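To keep things clear, I will list the structure first and then write my remarks on it.
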Amino acid sequence: MHDVSVLRSLHRDRFQAEPVVFAAPGRVNLIGEHTDYAEGFVMPAAIDFATLAGISPRTDGKIVIYSENFGEDRIFTAGALPDKASQHWSDYPMGVVAILAGEGHAIPGFSLSLWGDVPLGSGLSSSAAVEVATALAVTSLLGAAYPGPVVARLCQRAENEFVGANCGIMDQFISANGAEDHALLLDCRDLSYKLAPIPSSVALVIANTMVKHSVAGGEYTSRRAQVEEACAVIARHRPEVRFLRDATVNDLAQWGAEMSPNALKRARHVITENLRTVAAADALIRHDLVELGRLMAEAHWSYSRDFEASCVEADAMVVLAQDLPGLIGARLTGGGFGGCTINLVERSQAAEFTEQLGARYASEIGIVPQILVCHASGGARRLG
Ligand code: GLA
């Protein structure tokens, strides 16, 4: 588990300066997949795994960023920031710096140490955690204080405009605004949100298929393009439909034939997923865990069959969980094509569940999965 004193001492040893330290968590999405960029609904929770960022000023006009995870540093000149990505881990923090500079901030020299325990490439938003931790650290140095939703938007822009990954707002938003022991139902149209308490008797069991996931990969982008293609067809008939958030299953019945078969399936997933996500938040709020589990199962198969964003391993992880003790609901979480499943499990049975799921997956797939028992953590914050 991440430890602020370890980050402090590695920053001190490397830079001979006392850092101010911030933490930003990764996330797991309970339901609402590929709906954020369609201005729909998502319901993620922040998790116990996080990126820590320690920052201290420098007087030589340099920006030195050290990643403990990569065991490497990168040096930039504050007065001549890069304007494009270099396909390197430093793109994520430097993207945030570049966006802040674009907002009119004069960026001074600084040393930044990063260290995180969000598993990389596992669909738990390690990138958003790096961006949000960096944003809090750098804005504190600038003496600027942005509200959480604004931090989220700046970090999303860093990823869209600098890194070149076409993600939505969900990951950065929950990292910046998560609340301990709550899931957050976010309306991605206006960023209004509602917190839904997760009962203390329920554990978030995150099962890593060990199949690598990346938003920067081509599949994410091609799915997004198909969603936009379907929306454009509906908008020809109903111009008030600006995003699939505005569309209905009835629109698909009427005009689906004008879409490519894939666009139609992707749209069916997004439109029904929005309905499921709002219903799931209601179910969680009224403690109807049976209904929540049912909606998660429906969401998984819609994601797998209509959106075709699952994989053999993730489908197996969901199927193998079905009759295990304590399961409330299971589905693939995050951008898709690998990564983790989220399992809501009765906390009293979580240890048994984890052991049996791990053994079943290892014997069926031949890979030992990493399974993490988490709870919903708070959003990004200063640690001292
Ligand atoms: C990734 C993206 C998010 C969202 C999800 C899918 O995590 O970063 O913006 O689109 O995939 O729900």
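The values are calculated or read from the model by the stated rules, or taken from the named source; none is laboratory data. On a predicted model such as this, the values are computed, not experimentally measured, just so you know. Counting neighbours? That spans all protein chains shown, and the Cβs are built from the backbone with ideal geometry, glycine included. SASA here: full protein model, heavy atoms, side chains in, ligands and nucleic acids out. Shrake-Rupley method; radii C 1.70, N 1.55, O 1.52, S 1.80 Å.
Observations
- Charge tally around Val319: other residues with Cβ under 10 Å, Lys/Arg +1 each, Asp/Glu -1 each, net -2.
- GNM flexibility winner over the chain from Gly123, Gly61, Gly326 (Cα, springs under 10 Å): Gly61
- Aspartates and glutamates with Cα under 13 Å of Lys212, excluding same-chain neighbours fewer than 8 positions away: Glu313
- Given charges at Cβ of Lys, Arg, Asp, Glu: the chain dipole, positive-most of Leu295, Val233, Met259: Val233
- Most mobile of Arg242, Arg27, Arg153 in a GNM of the chain (Cα contacts under 10 Å): Arg242
- Taking every alpha-carbon pair under 8 Å whose residues sit at least 6 apart, segment 11-128 reaches a relative contact order of 31 percent.
- Remark on Leu30: its backbone amide H falls under 5 Å from those of Met43, Ala45, a criterion applied only to residues 5 or more positions apart or on other chains, H modelled at 1.01 Å from N.
- Subtracting the Cα-Cα distance of Ala106 and Arg14 from 0.36 nm times their residue separation leaves 30.6 nm of extension gain.
- The string of couplings for segment 281-296 from the Karplus curve (6.51, -1.76, 1.60, θ = phi - 60°) is 5, 4, 4, 5, 5, 9, 6, 8, 6, 5, 5, 4, x, 5, 5, 5 Hz, one whole number per residue in order, with x for Gly and Pro.
- Using 0.36 nm per residue and subtracting the Cα-Cα separation, the extra length available between Val4 and Arg305 on full extension is 104.1 nm.
- Helix-only mean residue ellipticity at 222 nm for the chain, each DSSP H run of n ≥ 4 adding -39500 (n - 2.57), per residue, nearest 500: -12500 deg cm²/dmol
- Counting Lys and Arg as +1 and Asp and Glu as -1 over every other residue whose Cβ lies under 14 Å from the Cβ of Ala263, the net charge comes to 0.
- For the chain, with +1 on Lys and Arg beta carbons and -1 on Asp and Glu, the positive-most of Ala46, Leu124, Cys188 along the dipole: Cys188
- Across the options Gly334, Gly148, Gly178, the greatest Cα extent toward the positive end of the charge dipole of the chain (unit charges at beta carbon of Lys, Arg, Asp, Glu) belongs to Gly148.
- The magnitude of the dipole of the chain, with charges of +1 and -1 set on the Cβ of Lys/Arg and Asp/Glu and taken from the Cα centre, is near 520 debye.
- Förster radius 30 Å - calculated FRET efficiency between Asp282 and Leu142 (Cβ-Cβ, nearest 0.05): 0.15
- Here segment 201-331 has 56 percent of its accessible surface on carbon and sulfur atoms, given a 1.4 Å probe and all protein chains in place.
- Taking every DSSP beta bridge that has both ends in segment 43-152, the antiparallel portion is near 75%.
- Segment 296-314 and segment 196-268 have their alpha-carbon centroids 12 Å apart.
- Neighbours of Glu103, meaning other residues whose beta-carbon lies under 14 angstrom from its beta-carbon, give a summed charge of +1 when Lys and Arg score +1 and Asp and Glu score -1.
- Whole-Hz couplings from phi, Karplus 6.51/-1.76/1.60, listed for segment 184-199; x for Gly and Pro: 10, 8, 10, 8, 6, 6, 10, 6, 7, 8, 10, 8, 10, x, 9, x
- Cα gyration tensor, segment 14-115 - rounded (a/c under 1.5), prolate or oblate: prolate
- Simple label model, 7 Å out from Cα along Cβ direction - Arg236 to Arg381, nm: 5.2
- Computed over protein heavy atoms with a 1.4 Å probe, the carbon and sulfur contribution to the accessible area of segment 93-140 reaches 58%.
- In straight-distance terms, cross-link reach from Lys62 covers every one of the lysines whose alpha-carbon lies under 24 Å from its own, apart from those fewer than eight places away in the same chain; here that gives Lys84.
- The relative contact order of the chain, computed from alpha carbon pairs under 8 Å that lie at least 6 residues apart in sequence, is 24 percent.
- Rolling a 1.4 Å probe over the heavy atoms of the protein chains gives the chain an accessible area of 38 Å² per residue.
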